[in-house]
């Protein structure tokens, strides 16, 4: 018996293993590697959380696999390769029109043909390594992919590299702003706590004396902040 290969349902299988189920329903199908790959792609395409770049990549790969399957089917039906087109409609090098692919994919995944054709165009117009580089980032939007598709591959690489670098710098700035804001809040809390401790442990006269002495030992700023939080005795704020 040949080894079984899981092509769909890995998440469900893992869940069953965690629940310690002994058995789980499955479909065992004898097929070739191309059809197994098609099943795997369709399983991923039916996940709602795919980003525009992921969807473009998966659908472009599905089209490639689908065309190989159709080419193999045609060669098996006509080994001589002498079949001629019966209509004047355009065909690609595999003898299959793009509309056939979109219809087949729509039936398999439930997606509209318009969205399929749009995603395939994005996947075919953007270099694979560029597509992979931007996947999962803030650049991963349909609009950005459409913009990239109008550029040459070299321009695509430069634009994505530049925009990703800009995003990193923006994140550093945002992180710095957040850190400074947190530090300021922590400092204010510390001054409030210190003022409260001093007023609880010292008499009003002693607290006033602390405020007078702090500037003399180089802590004028500390004295000012403490005074702001807790004015000297007899002072209205």
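Restricting to the range 209-237, and then to whatever is more than 53 Å from the chain's Cα centre (by Cα) and outside any helix (DSSP H, G or I), can you tell me which residue is modelled with the highest pLDDT? Before the answer, list the steps.
The first filter runs over the range 209-237 and keeps only residues more than 53 Å from the chain's Cα centre (by Cα), leaving 209-217, 232-236.
Now drop any that are not outside any helix (DSSP H, G or I), which leaves 232-236.
Values: 232: 72, 233: 69, 234: 56, 235: 55, 236: 46.
The residue in question is 232.
Residue check: is residue 169 at pLDDT 80 or above and assigned to a helix (DSSP H, G or I)? Steps first, please.
Values: at pLDDT 80 or above: yes; assigned to a helix (DSSP H, G or I): yes.
Yes.
May I ask you to verify whether residue 129 is within 20 Å of the chain's Cα centre (by Cα), modelled with pLDDT of 90 or more, part of a helix (DSSP H, G or I) and surrounded by fewer than 16 Cβ atoms within 10 Å (Cβ to Cβ)?
Details: within 20 Å of the chain's Cα centre (by Cα): yes; modelled with pLDDT of 90 or more: yes; part of a helix (DSSP H, G or I): yes; surrounded by fewer than 16 Cβ atoms within 10 Å (Cβ to Cβ): yes.
Answer is yes for this residue.
Let's see how each residue does on (1) surrounded by fewer than 17 Cβ atoms within 10 Å (Cβ to Cβ); (2) modelled with pLDDT of 85 or more; (3) assigned to a helix (DSSP H, G or I):
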site: 11; (1), (2), (3): yes, no, yes
site: 21; (1), (2), (3): yes, yes, no
site: 28; (1), (2), (3): yes, no, no
site: 116; (1), (2), (3): no, yes, yes
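Anything in the range 142-165 that is outside any helix (DSSP H, G or I), out of contact with any helix residue (DSSP H, G or I) (no Cβ under 6 Å at 6 or more places or on another chain) and surrounded by 14 or more Cβ atoms within 10 Å (Cβ to Cβ)? List them, or say none.
Just the residues of the range 142-165 that are outside any helix (DSSP H, G or I), to begin with: 149-152.
Next, only the ones that are out of contact with any helix residue (DSSP H, G or I) (no Cβ under 6 Å at 6 or more places or on another chain) stay: 150-152.
Result: 151, single match.
Name the single residue that is modelled with the highest pLDDT among those in the range 71-98 being in a helix (DSSP H, G or I) and touching a helix residue (DSSP H, G or I) at 6+ places or on another chain (Cβ under 8 Å).
72
Listed residues 179, 187; which is at pLDDT below 75, more than 30 Å from residue 127 (Cβ to Cβ) and touching a helix residue (DSSP H, G or I) at 6+ places or on another chain (Cβ under 9 Å)?
Testing whether each residue is at pLDDT below 75, more than 30 Å from residue 127 (Cβ to Cβ) and touching a helix residue (DSSP H, G or I) at 6+ places or on another chain (Cβ under 9 Å) leaves just 187.
Whether any residue in the range 37-48 is at pLDDT 90 or above, surrounded by 10 or more Cβ atoms within 10 Å (Cβ to Cβ) and within 23 Å of residue 144 (Cβ to Cβ) is what I want to check.
So in the range 37-48, the residues at pLDDT 90 or above come out as none.
The answer is no, given that none of the residues of the range 37-48 is at pLDDT 90 or above, surrounded by 10 or more Cβ atoms within 10 Å (Cβ to Cβ) and within 23 Å of residue 144 (Cβ to Cβ).
The values are calculated or read from the model by the stated rules, or taken from the named source; none is laboratory data. It should be emphasised that the depicted structure is a prediction, and the values quoted were computed from it without experimental measurement. Positions of Cβ are backbone-derived with ideal geometry, glycine not excepted, and every protein chain shown enters the neighbour counts.
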